[in-house]
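Report on the structure given below.
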Amino acid sequence: MPENPIGPSLTVAQGADLLAHGRLVAFPTETVYGLGARADDDRAVAAIFQAKGRPADHPLIVHVLDEQGAQDFAAELPPVALRLMKAFWPGPLTVIVPRRPGVATASAGGQDSIGLRCPSHPVARELLWLARERGVSGVAAPSANRFGRVSPTTAQHVRDEFGDAVAVLDGGACAVGIESAIVDCTRSVPVLLRPGTIGAAAIESAAGQRLGLVRADSPRASGTLESHYAPLARVRTVPLQEIGSRLQALLQRPGPAPQCVALYSTTGLDCSGAAPVVWRPMPQTPEELARDLFAALRDLDAAVQSRGGGEIWVQAIPEGAAWDGVRDRLVRACA
Ligand code: TXA
Ligand code: MG
């Protein structure tokens, strides 16, 4: 056991050692940072739920190196799951498949299915590789944030969530920026439980099947709770053409000075003077917006809190399937 290697200099091998010994390690993936524990150790996994404040019946995703790793946790890999794995692994897609009985019970949160994901981030892959060498074939990891809060896309975000209590591997800013798409492959038709950056059309094409609708008895996914990804400040979306007039109305309102408005929009407005407006430019493409969104929500929230409160206004995003992933996160941040 390495001597408390928690700190900025944690190496991937030390991270793998910690995992093998049942300790928690936060690590980068291409989507968001995960808070990992060996998936086959119910006590180690319990520490994840405790650190996050997450209800124990919310299942975690198990991260594996490859299809062979997936087989250790799956009772079977349905053909549609295999097709999706071949098309998108390693990458930001999670498949829900029947769970091998008796395996990763705590990770699965009591479900008889298991979520499996093969990340592409080089640090995650090295960690999974070195963990496998140490007898760990899967790493259970939810996003490394407290339950209901904004997912972390940098190592600093993870430190902001957990302080020194959790060892963090620093792999830079996440390239994708929102969590993986989750496809339930345990039914007669695949169901998209959580949209990501891989679109529904691409999933249907690789699956060779149309996606079914989410049903009331679909397995629960905490990322699908109505309110999630929530900053402390209230978040609302405002159509671009209304931002100016609504700010004017707010500023001209009689009474005490309005609270801070933190604005996330593609074009800045001239709000100089006394206006307590903070602006962060919003990227123009869905890919860039996904990459920036969670960091933006964190930064704008900090700006609002440091000014004594207020609201975050996010420019309404375009219609269209390419925006499904970011739209989903925004709707929940506003709820
Ligand atoms: O991109 C990602 O998926 C990130 C990175 C770290 O890999 N992980 C992530 O984990 O977003 P988490 O725990 O924040 O979200 C996982 C989602 C949850 O909504 C959970 O309920 C759902 O996956 N999930 C996991 N296993 C499941 C199962 N067996 N059935 C249904 N939903 C499941
Ligand atoms: Mg999460």
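Data table
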| read-out | value |
| --- | --- |
| Mean separation of Cα contacts under 8 Å (6+ apart) over length of the chain, as relative contact order % | 19 percent |
| Label-zone membership for region 298-318, site Leu240, 7 angstrom Cα→C-beta point, backbone N under 15 Å | 314-318 |
| Förster-model FRET efficiency, 45 Å R0, Phe147 and Gln252, C-beta, rounded to 0.05 | 0.70 |
| Estimated D of region 57-104 in µm² per second, where Rh is the Kirkwood radius over Cα pairs and Stokes-Einstein applies at 10 °C, 1.306 mPa s | 142 µm²/s |
| Only Lys, Arg (+1) and Asp, Glu (-1) charged, at Cβ; region 1-122 dipole about Cα centre in debye | 240 debye |
| Mean Kyte hydropathy of -1.0 or more with a Cα span along the axis of at least 18 Å, helices from DSSP in the chain | 240-252, 286-306 |
| Nearest-20 debye value, region 273-335 charge dipole, Cβ charges on Lys, Arg, Asp, Glu | 200 debye |
| Simple Cβ-charge dipole of the chain, Lys/Arg +1 and Asp/Glu -1, about Cα centre, in debye nearest 20 | 580 debye |
| Rounded to 5, percent antiparallel among DSSP beta bridges of the chain | 40 percent |
| Length-normalised contact order for region 35-122 - Cα pairs under 8 Å, 6+ apart - percent | 38 percent |
| Histogram of C-alpha separations across the chain, 10 Å bin width, % | 6, 26, 32, 22, 10, 4, 0 |
| Charge dipole (the chain, unit charges on Cβ, about Cα centre) - positive-most of Ala175, Gly36, Gln305 | Gln305 |
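All of the numbers you see were taken from the coordinates with simple rules; none came from a lab. The model shown is predicted, which means the values in this text are computed figures rather than measured ones. As a convention, Cβ positions derive from the backbone with ideal geometry for all residues, glycine included, and neighbour counts pool all protein chains shown.
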